[in-house]
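Down below is the structure, laid out as structure tokens.
Please treat every number below as a calculation from the coordinates, not as lab data. Source: prediction; values computed, not measured. Neighbour counts run over all protein chains shown; Cβ positions are idealised from the backbone, glycine included.
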Amino acid sequence: MNIPNEQFDLWVAEAIDELPDEILRKTNNVAFFVEDYPSEEQLKKARLNNKHSLFGLYEGYIQSKKINIGPVLPDRITIFRRPILESFTTEREVKNKIKSVVRHEIAHHFGSDEEGARKVGK
């Protein structure tokens, strides 16, 4: 599927804005990024070999384990554009997948394991 980068980025922003207020208020020190594909390092973190199979990745320390030690770099949530666009054929499917991936990665930020994050992402 061919969607302009700006449109895809807008859909990611909309998915973030649509998160419940209580979740947004509790989301601390997280930066969202959109990249075409995961890097080799990101694939290793996700324990994957195929750059086409990773839709999003949370990198950081889960909320419940953070200790207030002063300023730190933000956690990262990266949404991977090309794997999503390669896997879905309609705009509606792409938008729904973006929303699902955003929710899934936010769940990791709050400490959900993969199984729990999958439930939230549905």
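Straightening the chain between Val120 and Asn5 buys 38.8 nm, computed as 0.36 nm per residue apart minus the Cα-Cα spacing. Using equal-weight Cα scatterers in the Debye expression, the normalised intensity of the chain in log10 at q = 0.12, 0.14 Å⁻¹ is -0.43, -0.58.
Close amide H contacts of Gly56 (hydrogens built in the peptide plane, cut-off under 5 Å, sequence separation of 5 or more or a different chain): Phe80. Summarising the amide proton neighbourhood of Phe110: residues at separation of 5 or more, or on other chains, whose placed amide H is nearer than 5 Å comprise Gln63.
Between amide H atoms placed 1.01 Å from N, distances below 5 Å from Val34 occur with Ile79, all of them 5 or more places distant or on a separate chain.
Based on DSSP H segments of at least four residues, each scored -39500 (n - 2.57), the chain has a per-residue ellipticity at 222 nm of -14000 deg cm²/dmol. Other residues with beta-carbon under 9 Å from the beta-carbon of Val34 carry, at +1 per Lys or Arg and -1 per Asp or Glu, a net charge of -2. Multiplying the residue separation of Tyr61 and Phe33 by 0.36 nm and removing their Cα-Cα distance gives an extension gain of 8.4 nm. Length gained on full extension, Asp113 to His52: 19.8 nm, using 0.36 nm per residue less the C-alpha separation. Computed from backbone phi, the HN-Hα couplings of the range 88-104 come to 10, 10, 10, 4, 4, 4, 4, 4, 5, 5, 4, 4, 4, 5, 4, 4, 4 Hz, rounded to whole numbers (Karplus: 6.51 cos²θ - 1.76 cosθ + 1.60, θ = phi - 60°; Gly and Pro given as x). Couplings for the range 46-53, taken from phi via the Karplus curve 6.51 cos²θ - 1.76 cosθ + 1.60 with θ = phi - 60°, read 7, 6, 10, 10, 9, 5, 8, 9 Hz in order; Gly and Pro are left as x.
Residues in the range 8-20 carry Karplus couplings, in order, of 4, 4, 4, 5, 5, 4, 5, 5, 5, 4, 7, 5, x Hz; the curve used is 6.51 cos²θ - 1.76 cosθ + 1.60 with θ = phi - 60°, and Gly or Pro positions show x. Protection proxy ranking, highest mean first, for peptides 1-7, 23-29: 23-29, 1-7, where packing is the per-residue count of other beta-carbon atoms within 10 Å, averaged. In terms of packing, defined here as the mean over residues of other Cβ atoms within 10 angstrom, the peptides 83-92, 99-108 line up highest first as 99-108, 83-92. For Lys97, the aspartates and glutamates whose Cα comes closer than 18 Å to its Cα, not counting residues fewer than 8 places off in the same chain, are Glu6, Asp9, Glu14, Asp17, Glu18, Glu35, Asp36, Glu86, Glu105, Glu114, Glu115.
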